[in-house]
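A.B. asks: Just dropping this structure here.
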Amino acid sequence: MATYAQVALLRPSRYLDLLYTYKIPYEANEISIGARVKINFNNRIEEGFIFSLSTENTYQGEVKPILEILPKDLWLTPELVELIKWVSEYYLCSITEALNLVSSPEKIYLPSEVLCAVVDEHRLKQKVEKSKCLKNDKALANLLKEKSGWLKNSVRVRKLIAEGLLTVIEKKLPAPPEIVLSDSQSSVYRRIVHDLGKDFVGLLHGVTGSGKTEIYLKLAGDVIKQGKQVLFLLPEIGITTQMVARVKKYFPDHTLVYHSRLNSREKFFVWHEVRQGKPVLVLGPRSAAFLPFIKLGLIILDEEHELSYKQEESPKYHVREVVYWRAKRLGVPLLLGTATPSLETYAAVLSGAIKYYRLEKRYQNRPSPKIFIVDMFKEAKEGNTGIISRTLNQKIEERLVKGEQVFLFLNRRGFAPTIMCRSCGYFYRCPDCDVAVTYHKEEKNFQCHYCGKKIVATRKCPVCQENSLDLYGYGTERVEEELQRLYQARILRVDYDTMKGKDSYEKIILAMKRKEVDILVGTQMLAKGFDFPDLTLVGVLNADQSLNLPDFRAGERSFNLLTQVAGRAGRGIVPGEVVIQTFNPENYVLKAVKDGNYQQYALKELFNRKLAGYPPFNKIFRIIIAGRDEQLILEGAKCFADLLKFNSERLKANIEIIGPASAPYYKLKRNYRYHILIKGNKGNIAREVLKNVVLEFKTTSFYSKLTLALDLSPQIFF
Ligand code: ADP
Ligand code: ZN
């Protein structure tokens, strides 16, 4: 039996990120990796988890005993401990940081009510007769009459249960409906079932509305029937009441929803059920990927291409990589699904590492929308310099006559995104960030969309002092105003500024359903997941906005976004139309969106990536060095890059080190920013180099004066 335990602290310490050795108390009768313990650390009582056990002590100093072993319900599972170690090694973060991804409960919450049934009616009645307290308990009297019912989870009730007079029973809900798949869905389902096995990773590629969710649910049902658990991950925005209701319809007894806004009691409940091995389906965003499943039978990652699966705070992990690890470690099948696969996933399909299933058509063969591309340059040359092209205008008017609904998409809130001085050419930027401010008309201010700073709006140029600041470009506020001028219509604007209320989404859904809205104007908050049957026209006002971002994934992201937006049109019986306005009508991304041809676009994009040596063909790591002192961080960044070069040569790593260069957002929240990129075809060796460099860099005088952020799976490059 082990005598010593190596403990990871739950709170960061000033000291090195280590495991600390403690002695296991003699009287401890059960202990394992993952156990939660209290220890004396530096004269403070701290909590931590046992990460390893040993019979011998390798620590030189004095070894203190573990003070207390907390109840088993609060422990991690050994697999979760391994996962945390992997996260810390893979993303080069501390164990404590990785540990905090797991929101392990701090205490046990007893359920406030329990559903009980009578076991021994005779003795129970006798007991109730004798006690005045029990006699006055209405719930208990009702239970005696009905033979079962809900009771407050009190000491008294627990005593009756312990004495064997009552027993806790499971709630029984009416039998759920069968899932009936269409022909094409069921042929895909049967192929998946046939292929399912220990090392199964599959991609379900189907347009929105093709019924991917129905297939997930059918597969999930099979797993639950076997008494196993399902992890069903959705992007943050996907966990709508609509989706939860849809899953609960099929698995009323087995659905658990998990996300960061739950309170501690609710979180504990999910943790507990999962850890007990109950056959449940857990629906949640990326945080749910860190629950202590012990009988996992299937992982589903819906909308696998979504950016919100990447955490942008440290540890900057990608949940796709986390579920790959868990699926592999636990021998559990992993099913990815999307209408627009990420190129990482698609490349793995082409190489045969991921199995591929295609749903070509929408459910019930509803036609896909017809897409028109409008050349805004031509439009301007022919005299129309407004934000609405003639084609779009004509189609909007048709819809207004017919009483159908329109969605105009512009991914920019506020009134005007550019404020420039007509006389000296000064371009108004946030004083704290290297970012243009946006004029907000309702609030009458200039706002920085990065840090949130608000500056009272003025016409006076801060440089030449003339009253000649002018507004250029369009935000949603301005489009709304323009639409009011152009059309006799009821217009609803939906963006971050109008969506601050708690049930804003519900209100929009209702207003659209009741046909109180003719034209919806909005940002990407509306791009995903909505299903409005009377919406038959979508207009993308400025498709170039996302195409022109300085990022090698700009094309990929534009394809995804535009496909999603276009998918909002014609979800009902009437087929939809989509108008995409652009200054680059020849762009291959737009052409592929128009043709609805994912493959055409993906192969071309992969070809470009290969030429440039970008992912998925190479790994890229990104190091960001930031701080207030511009000179110092440049020197620090240079030092870091030099260390990288030196170590890369020493380890013969064969990696490319790019930079330091100023980051595209050079200044954010008063911090100047440099970044360095590492490019190489072997992640592990690049990681090894980087790990060494970080250790070395920590001993330089720079380290304490700047912030160093590592991104081992960078998705955005601002
Ligand atoms: P996806 O997940 O691919 O976007 P959904 O599963 O949400 O597609 O299906 C789109 C719509 O079609 C939903 O409203 C869904 O209820 C309906 N639908 C799809 N397949 C079926 C089916 N087999 N039986 C009944 N309705 C279905
Ligand atoms: Zn700012």
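The values are calculated or read from the model by the stated rules, or taken from the named source; none is laboratory data. Please read all numbers here as calculations on a predicted model, not as lab measurements. Virtual Cβ from ideal backbone geometry, glycine too; neighbours counted across all protein chains shown.
A.B. asks: Name the residues in region 445-462 that are touching a residue at least 40 places away in the same chain (Cβ under 8 Å) and under 24 Å from ASN671 (Cα atoms), would you? Please lay out each step first, then the result.
C.D. replies: Kept after step one, since they are touching a residue at least 40 places away in the same chain (Cβ under 8 Å), are these residues of region 445-462: 450-451, 461.
Within region 445-462, TYR450, CYS451 meet the criteria.
A.B. asks: Within region 301-315, work out how many residues are assigned to a strand (DSSP E or B) and either under 26 Å from LEU99 (Cβ atoms) or not assigned by the TED database to the domain that holds ILE224 (or both). Please lay out each step first, then the result.
C.D. replies: Pass one, region 301-315, residues assigned to a strand (DSSP E or B): 301-302, 310.
After this cut, where a residue has to be either under 26 Å from LEU99 (Cβ atoms) or not assigned by the TED database to the domain that holds ILE224 (or both) as well, the list is 301, 310.
Selection size over region 301-315: 2.
A.B. asks: Looking at ASN597, ASN681, ASN618, which is the one that is surrounded by fewer than 17 Cβ atoms within 10 Å (Cβ to Cβ) and either within 30 Å of LEU535 (Cβ to Cβ) or under 26 Å from the mean Cα position of the chain (by Cα) (or both)?
C.D. replies: Working: ASN681 fails: either within 30 Å of LEU535 (Cβ to Cβ) or under 26 Å from the mean Cα position of the chain (by Cα) (or both); ASN618 fails: surrounded by fewer than 17 Cβ atoms within 10 Å (Cβ to Cβ).
Answer to the check: ASN597.
A.B. asks: For ILE658, state whether it is β-branched (Val, Ile, Thr), under 34 Å from the mean Cα position of the chain (by Cα) and in a helix (DSSP H, G or I). Reasoning before the result, please.
C.D. replies: Details: β-branched (Val, Ile, Thr): yes; under 34 Å from the mean Cα position of the chain (by Cα): yes; in a helix (DSSP H, G or I): no.
No: the conditions fail for ILE658.
A.B. asks: Are any residues in region 364-379 assigned to a helix (DSSP H, G or I) and exposed (fewer than 13 other Cβ atoms within 10 Å of the Cβ), and if so, which ones? Don't jump to the end; show me each part of the working.
C.D. replies: Our first condition is that a residue be assigned to a helix (DSSP H, G or I); within region 364-379, this holds for 364-365, 376-379.
Passing the criteria: GLN364, ASN365, PHE377, LYS378.
A.B. asks: Only residues that are part of a loop (DSSP other than H, G, I, E, B), modelled with pLDDT under 90 and not hydrophobic (A, V, I, L, M, F, W, C): list them for region 535-575, please.
C.D. replies: ASN548, PRO550, ASP551, GLY567, ARG568, GLY570, ARG571, GLY572, PRO575
A.B. asks: From the list ALA348, ALA416, which residue is under 24 Å from the mean Cα position of the chain (by Cα) and either within 16 Å of ligand 1 (Cβ to nearest atom) or touching a residue at least 60 places away in the same chain (Cβ under 8 Å) (or both)?
C.D. replies: Matching residue, one of ALA348, ALA416: ALA348.
A.B. asks: Do you know which residues across region 227-247 are away from ligand 1 (no atom under 14 Å from the Cβ) and under 13 Å from VAL280 (Cβ atoms)?
C.D. replies: The answer is GLY227, LYS228, GLN229, VAL230, LEU231.
A.B. asks: Right, something else. For ASP497, only one of the following conditions fails: (1) within 16 Å of ligand 2 (Cβ to nearest atom); (2) surrounded by 17 or more Cβ atoms within 10 Å (Cβ to Cβ); (3) in a loop (DSSP other than H, G, I, E, B). What is its number?
C.D. replies: Failing condition for ASP497: (1).
A.B. asks: Please pick out the residue among CYS448, CYS424, CYS430 that is surrounded by fewer than 19 Cβ atoms within 10 Å (Cβ to Cβ), outside the structural domain of THR498 (by the TED database) and either farther than 19 Å from GLY386 by Cβ or within 16 Å of ligand 1 (Cβ to nearest atom) (or both). Outline the logic, then answer.
C.D. replies: Values: CYS448 fails: surrounded by fewer than 19 Cβ atoms within 10 Å (Cβ to Cβ); CYS430 fails: surrounded by fewer than 19 Cβ atoms within 10 Å (Cβ to Cβ).
Answer to the check: CYS424.
A.B. asks: Is it the case, given these coordinates, that ARG191 is away from ligand 2 (no atom under 16 Å from the Cβ) and in contact (Cβ under 8 Å) with a residue 12 or more places away in the chain?
C.D. replies: Details: away from ligand 2 (no atom under 16 Å from the Cβ): yes; in contact (Cβ under 8 Å) with a residue 12 or more places away in the chain: yes.
Answer is yes for this residue.
A.B. asks: Please name all residue pairs, on different chains or six or more residues apart, with Cβ atoms under 7 Å, provided the first residue is in region 97-109 and is within 21 Å of LYS85 (Cα to Cα) and in contact (Cβ under 8 Å) with a residue 60 or more places away in the chain and the second residue is surrounded by 16 or more Cβ atoms within 10 Å (Cβ to Cβ) and of a type in the set (D, E, K, R).
C.D. replies: Short answer, once both residue conditions are applied: SER103/LYS267; PRO105/LYS267.
A.B. asks: Which number in (1) closer than 27 Å to ILE294 by Cβ; (2) crowded, with 16+ Cβ neighbours inside 10 Å marks the one condition that GLU106 misses?
C.D. replies: (2)
A.B. asks: So ILE455 passes all but one of these: (1) in a loop (DSSP other than H, G, I, E, B); (2) within 16 Å of ligand 2 (Cβ to nearest atom). Which condition number does it fail?
C.D. replies: (1)
Here's the yes/no breakdown for (1) in a loop (DSSP other than H, G, I, E, B); (2) within 22 Å of the chain's Cα centre (by Cα); (3) surrounded by 20 or more Cβ atoms within 10 Å (Cβ to Cβ):
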residue: GLU321; (1), (2), (3): no, yes, no
residue: LYS328; (1), (2), (3): no, yes, no
residue: LEU335; (1), (2), (3): no, yes, yes
residue: GLY352; (1), (2), (3): yes, no, no
residue: LYS361; (1), (2), (3): yes, no, no
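A.B. asks: Moving to a separate point now. May I ask you to list the residues in region 469-483 that are buried (at least 20 other Cβ atoms within 10 Å of the Cβ) and among the hydroxyl-bearing types (Ser, Thr, Tyr)?
C.D. replies: TYR474, THR476 - these are the residues of region 469-483 that are buried (at least 20 other Cβ atoms within 10 Å of the Cβ) and among the hydroxyl-bearing types (Ser, Thr, Tyr).
A.B. asks: Going residue by residue through region 598-620, is there one that turns out to be part of a strand (DSSP E or B) and within 30 Å of ARG670 (Cβ to Cβ)? So that I can check it myself, show each step before the final result.
C.D. replies: To start, the set of residues in region 598-620 that are part of a strand (DSSP E or B) comprises 619-620.
Within this subset, residues satisfying the condition of being within 30 Å of ARG670 (Cβ to Cβ) are 620.
Among the residues of region 598-620, at least one is part of a strand (DSSP E or B) and within 30 Å of ARG670 (Cβ to Cβ), which makes the answer yes.
A.B. asks: Take TYR59 and tell me if it is at pLDDT below 85, more than 34 Å from the chain's Cα centre (by Cα), aromatic (Phe, Trp, Tyr) and over 29 Å from LYS698 (Cα atoms).
C.D. replies: no
A.B. asks: Starting from residues that are of a type in the set (S, T, N, Q) and in contact (Cβ under 8 Å) with a residue 12 or more places away in the chain, keep the ones in region 15-56 and report whichever is nearest to ILE108 (Cα to Cα).
C.D. replies: Quick first cut of region 15-56, residues of a type in the set (S, T, N, Q) only: 21, 29, 32, 40, 42-43, 52, 54-55.
From the residues that got through so far, the ones that are in contact (Cβ under 8 Å) with a residue 12 or more places away in the chain too are 21, 32, 40, 42, 52, 54-55.
On the way: THR21: 26, SER32: 19, ASN40: 22, ASN42: 27, SER52: 24, SER54: 29, THR55: 31 Å.
Only one residue tops the list, namely SER32.
A.B. asks: Ok, one more. Considering only region 422-443, state which residues are away from ligand 2 (no atom under 16 Å from the Cβ) and among the hydroxyl-bearing types (Ser, Thr, Tyr). Steps first, please.
C.D. replies: Going residue by residue through region 422-443, those that are away from ligand 2 (no atom under 16 Å from the Cβ) are 422-426, 441-442.
Passing the criteria: SER423, TYR426.
A.B. asks: Taking ALA347 as the residue in question, decide whether it is farther than 26 Å from ASP222 by Cα and either within 16 Å of ligand 2 (Cβ to nearest atom) or in contact with a Leu (Cβ under 7 Å, 6 or more places away or on another chain) (or both). Please lay out each step first, then the result.
C.D. replies: Details: farther than 26 Å from ASP222 by Cα: yes; either within 16 Å of ligand 2 (Cβ to nearest atom) or in contact with a Leu (Cβ under 7 Å, 6 or more places away or on another chain) (or both): yes.
Judged against the criteria, ALA347 is a match.
A.B. asks: Here is a follow-up. Of a type in the set (Lys, Arg) and within 16 Å of ligand 1 (Cβ to nearest atom), is that true of ARG366?
C.D. replies: On the way: of a type in the set (Lys, Arg): yes; within 16 Å of ligand 1 (Cβ to nearest atom): yes.
Taking the combined requirement at face value, the residue satisfies it.
A.B. asks: A further question on this structure: Restricting region 451-468 to residues that are surrounded by 13 or more Cβ atoms within 10 Å (Cβ to Cβ) and within 24 Å of TYR496 (Cβ to Cβ), which is nearest to ligand 1 (Cβ to nearest atom)?
C.D. replies: Only one residue tops the list, namely CYS451.
A.B. asks: Looking only at region 225-258, count how many residues are in contact with a strand residue (DSSP E or B) (Cβ under 8 Å, 6 or more places away or on another chain) and either of a type in the set (Gly, Ala, Ser) or over 19 Å from SER186 (Cα atoms) (or both). Let's see the steps before the verdict.
C.D. replies: Within region 225-258, the subset in contact with a strand residue (DSSP E or B) (Cβ under 8 Å, 6 or more places away or on another chain) is 226, 228-235, 238-239, 243-244, 247-248, 251, 254-258.
So of that shortlist, the ones also either of a type in the set (Gly, Ala, Ser) or over 19 Å from SER186 (Cα atoms) (or both) come out as 226, 228-235, 238-239, 243-244, 248, 251, 254-258.
Here the count works out to 20.
A.B. asks: Are any residues in region 380-427 over 26 Å from LYS460 (Cα atoms), part of a loop (DSSP other than H, G, I, E, B) and in contact with a strand residue (DSSP E or B) (Cβ under 6 Å, 6 or more places away or on another chain), and if so, which ones?
C.D. replies: Of the residues in region 380-427, the ones over 26 Å from LYS460 (Cα atoms) are 380-411.
Applying the additional criterion that residues be part of a loop (DSSP other than H, G, I, E, B) yields 382-389, 403-404, 410-411.
Residues satisfying the conditions are SER389, GLU404.
A.B. asks: Can you report the number of residues in region 249-258 which are surrounded by 18 or more Cβ atoms within 10 Å (Cβ to Cβ) and either assigned by the TED database to the domain that holds GLU506 or within 14 Å of ligand 1 (Cβ to nearest atom) (or both)?
C.D. replies: 1
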